[in-house]
Structures are given as C-alpha cells and as structure tokens.
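The structure under discussion appears below in the form of structure tokens.
The values are calculated or read from the model by the stated rules, or taken from the named source; none is laboratory data. Being a predicted model, the structure only gives us computed values, none of them experimental. Note: accessible area is taken over every heavy atom of the protein model, side chains too, but ligands, DNA and RNA are not part of it. Shrake-Rupley method; radii C 1.70, N 1.55, O 1.52, S 1.80 Å.
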Amino acid sequence: MSDALAWVEQFHDVVDELAAKVAAAHDGRLRCRAGCSGCCSDDLNVFELEADLIASRHPDVLEHEAPHPEGACAFLDGEGRCRVYDVRPYVCRTQGLPLRWIEEDDDGEIVEARDVCPLNEDGGPPLEELRADDLWTIGPFEERLGERQRAHDAGEGRRIALRTLFRRSEPAVPPARAAKHRLPIVR
C-alpha cells in the first residue's frame with residue numbers, strides 16, 4: 001500500500017475516534033443503523049485518494065458486482081448497507097451526527113450554522129443549546145484531506161464521483177462486443 005493510502009487510513013481512524021465521542025454524547029438521539037441509507041446520495045464525490053483506497057481494498061466489488069441502481073450511492077447493497085463500509089469516505093463517517101460550521105449569512109455576517117439528519121432531531125436537546133464540542137465541526141478535517149490530495153496530485157485537488165469507480169474497472173469495450181466490431185481482413 002502506498003504511503004498516501006496509508007495516510008488516508010490513519011486519517012479515517014482519527015475521524016472515527018473523534019466522531020465516536022460525538023456519537024456517544026448523542027446516544028439517545030442517533031437513529032443511524034446498518035441499512036439506514038437516506039443520506040447515501042448518488043452524486044457523492046470524494047477526493048481521489050479516498051476513491052483509490054476503496055478501489056485498492058475492494059476490487060472484487062468493482063470487478064464482480066454491479067453498482068446500486070442510480071438514485072442512491074453506487075456502493076449500497078440491496079438492503080441499503082454499504083459494501084465498502086470499512087473504507088467508506090470521510091463524509092460518510094460523520095453522516096447523521098449533529099453538525100456545525102461557520103458561514104457568511106445574506107448580510108455578510110459570519111455566523112455559526114448547525115444541522116442534523118431529520119431522523120436524529122428528536123431525543124436530545126435542541127441543536128442551538130448544544131456545546132460546540134458536542135457537535136462535529138465541518139471544515140478542519142476536510143481541509144486536511146484536501147491539502148493531502150493537493151500534495152498528492154500537484155495542486156489539482158482531484159475529486160472522483162463514487163459511481164465512476166465501477167466504470168473505471170470495466171473494459172472500454174466489452175470483449176463480446178469488440179469481436180463483433182472487427183473489420184474483415186481484406187487480402
């Protein structure tokens with residue numbers, strides 16, 4: 001495994017450790033379980049490093065299984081479970097958690113925004129009453145991952161749509177079709 005992919009695995013381990021602390025603070029609120037896939041969107045794209053990790057650890061899925069039908073993440077199975085859960089991207093590791101981020105409002109003021117999956121709204125105090133440490137802060141980890149990607153790809157910051165990983169593993173022209181398109185040999 002390359003140093004870059006080993007870094008991504010370590011990055012995911014740190015995210016999991018910190019996200020587990022946020023999840024523990026909201027044990028009565030979080031309803032996310034295996035098969036809960038409402039947030040597993042089809043248009044998800046990730047940094048190329050994370051896509052490469054998935055491809056390196058799950059070539060069997062890419063080569064021998066079909067992507068989930070369009071409309072949901074290509075890596076979901078028929079029961080809504082993730083087929084690459086062990087190497088799922090960063091964004092998937094924090095889904096469902098109460099989130100906070102800093103943004104500029106319509107008046108140009110810098111404000112803190114907060115959100116949580118609608119399935120996880122009940123069962124705990126309102127988001128506005130939570131301490132900042134009890135929410136996952138969006139921004140710092142995305143920045144580190146982006147910096148690592150840009151260092152890896154000479155500043156491009158390449159991102160990959162997850163569904164295209166299946167296309168990358170397919171031959172450009174399936175062998176059965178290629179034979180039909182051969183030109184006859186003229187002598």
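Build a GNM of the chain with springs between Cα atoms under 10 Å apart, and of 98, 69, 89 the one that fluctuates most is 69.
Full extension of the segment from residue 161 to residue 143, taken as 0.36 nm per residue of separation minus the current Cα-Cα distance, would add 4.6 nm. With q set to 0.12, 0.19 Å⁻¹, the log10 of I(q)/I(0) for the chain, from the Debye formula over equal scatterers at the Cα positions, is -0.69, -1.39. Available extension along the chain between residue 86 and residue 27 is 19.1 nm, counting 0.36 nm per residue and deducting the alpha carbon span. Averaged per residue, the chain has 62 square angstrom of accessible surface, using a 1.4 angstrom probe with ligands and nucleic acids left out. Across the range 38-127, the convex hull enclosing all Cα atoms gives 135 Å³ per residue.
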